[in-house]
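Any read-out appearing in this document is the output of simple, stated calculations on the displayed coordinates, not a laboratory observation. What you are looking at is a predicted structure, and each value in this text was computed from that prediction instead of being measured. Counting neighbours? That spans all protein chains shown, and the Cβs are built from the backbone with ideal geometry, glycine included.
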Amino acid sequence: MSMNIYQKFTHWHDRLTVAGYYLACVALSIIFGAYIIEVFARYFLNAPQWWASEAVSYSLCACTFLMMPYVTWKKGHVAVALIFDLLPKNGARIAIWLTYLLGAIFCGFATWISMDETARQYINNIDLMAVKPVPKYLISIFIPFGFASSTLHFMRLLNFKDIDPDNMSAGEFGEG
């Protein structure tokens, strides 16, 4: 049985999201490792490392925006589920749909702004001012990636018939 174009797209988008999840885990490991090395080198060897602080900040950016699409996909984003519990079922379904729509709109807008800035950094050859200058776009490219992929996940959640308000408070928003 062959998949249609939408199914293929969602399949590859899900795979990209999972790859981003694992890369975010690697970035988190880099943060952990850099802190361990820095503390050991600074306090036991009296040899602070110039690269540790930079590795932590760059990895934090990558980790945050590589993990963002996964959190959106799994509906782990912050939500005030009490509102959905207080509304009648159809009203809750509409409110949830509007929440996903606003998520898609605002993430799409953030994608546009951050991609424009990342392109500007690339075109103008802007470096991060650190001990070892790094092209800024190499770090900030994770920002539009995270917002763009999250936008697509929010758009995929907009299927009105798939929204079940009865299951929202039981973990649909990461509470369960």
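Taking other C-beta atoms within 10 angstrom as a stand-in for reagent exposure, HIS11, HIS153 fall in the order HIS11, HIS153, fewest first.
Along the Cα-to-Cβ line of SER53, 7 Å from the Cα, sits a label point; which residues in the stretch 23-40 have backbone N less than 18 Å from it? In the stretch 23-40, the label zone of SER53 (backbone N under 18 Å from the point 7 Å along Cα→Cβ) covers 31-40.
Each of SER29, SER59 has some number of other Cβ atoms within 10 Å of its Cβ, and from fewest to most they run SER29, SER59.
Non-local lysine pairs in the stretch 51-176, meaning eight or more places apart or on different chains, with alpha-carbon distances under 23 Å, amount to 5. Ranked by how many other Cβ atoms sit within 10 Å of their own Cβ, fewest first, the residues MET68, MET129 fall in the order MET129, MET68. Counting 0.36 nm for each residue step from GLU117 to ILE94 and taking away their Cα separation leaves a gain of 4.8 nm. With the simple model of a label 7 Å out from the Cα in the direction of the Cβ, ILE105 to ILE126 spans 2.8 nm. Once Rg and Dmax of the Cα atoms in Å is calculated for the structure shown, the corresponding label among [x] 19.0, 67; [y] 26.2, 85; [z] 20.1, 64 turns out to be [z].
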